[in-house]
Amino acid sequence: MRLSAEPLAHERDETPTKRPGRYVKHDDIYRVYFHGPAYQVLDEGWQYDGGAVGKLAADLPAGHVPQAASTTTQPRLAELCFQAAGLWEIGTTGQMSLPAHIDRVVTLGTPQPGVPLFAIVQPASDGGFDCRVVDASGDVLVRMDGYRSVQVGPLAGDLVGPIRTAIST
C-alpha cells in the first residue's frame with residue numbers, strides 16, 4: 001500500500017450508465033455466483049463498447065461487523081469490479097473465473113448515500129481488465145488497473161444463457 005499526503009487528481013468517466021434494453025438481472029447473476037447476501041453486489045449488468053457495466057445493488061446488508069466501524073478501503077467496490085469482469089468472462093467464454101492478481105487499486109472518492117454506482121470494465125490487451133467504479137454523474141471513485149483472473153471451469157448452458165444474451169456482442 002502506498003499512501004500519499006497529496007490528494008489525488010479528480011477523474012471522470014463519460015461511459016453511459018443508462019441501462020440498455022438487453023441486460024442481465026440480479027437473480028440470473030446469482031444463480032451462477034455463490035456469494036452471500038452482503039456480497040451480492042450486482043443488481044444488473046450489460047455490455048458496453050466491448051466491455052461490461054455492472055450496477056451496484058441498493059440496500060445491501062452490512063458488509064462487516066460492527067457496521068458502524070469504518071474501513072480504509074471499500075471492499076464491496078473492489079468486489080463490484082471482480083463480479084462485473086466475471087460477467088464479461090461468463091458472457092463471452094462461458095467460463096467462471098476467480099480473482100488472481102491486481103496491479104493497482106486507487107481510491108479516489110467516497111460514495112454518497114443513495115447515489116447509484118457502476119463498475120465499468122474494459123478488457124486489456126494483456127488478457128486482464130481495467131475497471132472504474134463511477135457514480136451516476138461520472139465521478140470515478142475507484143480505479144482498478146491490471147486485474148487478472150483465473151478460470152475455474154465451464155458453466156452449464158442454462159446458467160450462462162441470460163448472461164451471454166446481455167454481455168455478448
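The values are calculated or read from the model by the stated rules, or taken from the named source; none is laboratory data. Predicted model, so just to flag it, every value in this text is computed and none were measured. Here the Cβ is made from the backbone with ideal geometry for all residues, glycine too, and neighbour counts use every protein chain on show.
Let's see how each residue does on (1) of a type outside the set (A, V, I, L, M, F, W, C); (2) loosely packed, with under 14 Cβ neighbours inside 10 Å:
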residue	(1), (2)
ALA5	no, yes
ARG22	yes, yes
GLN47	yes, no
LEU56	no, no
PRO99	yes, no
For segment 66-97, which positions are surrounded by fewer than 17 Cβ atoms within 10 Å (Cβ to Cβ) and out of contact with any helix residue (DSSP H, G or I) (no Cβ under 8 Å at 6 or more places or on another chain)?
PRO66, GLN67, ALA68, ALA69, SER70, THR71, THR72, THR73, PRO75, THR93
What single numbered condition from (1) within 21 Å of GLU14 (Cα to Cα); (2) at pLDDT 95 or above fails to hold for ARG148?
(1)
Residues of segment 11-49 satisfying the condition of being assigned to a loop (DSSP other than H, G, I, E, B) and among the basic types (Lys, Arg):
LYS18, ARG19, ARG22, ARG31
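Being more than 19 Å from PRO162 (Cα to Cα) and not in a loop (DSSP other than H, G, I, E, B) narrows it down to one of ALA52, ALA84, ALA100, ALA68, so name that one.
Working: ALA52 fails: more than 19 Å from PRO162 (Cα to Cα); ALA84 fails: more than 19 Å from PRO162 (Cα to Cα); ALA68 fails: not in a loop (DSSP other than H, G, I, E, B).
Residue meeting the stated conditions: ALA100.
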Flagged in segment 125-144 as surrounded by fewer than 16 Cβ atoms within 10 Å (Cβ to Cβ) and either under 22 Å from GLY91 (Cβ atoms) or free of Cβ contacts under 8 Å to residues at least 24 places away in the same chain (or both), in numbering order, are SER125, ASP126, GLY127, SER137
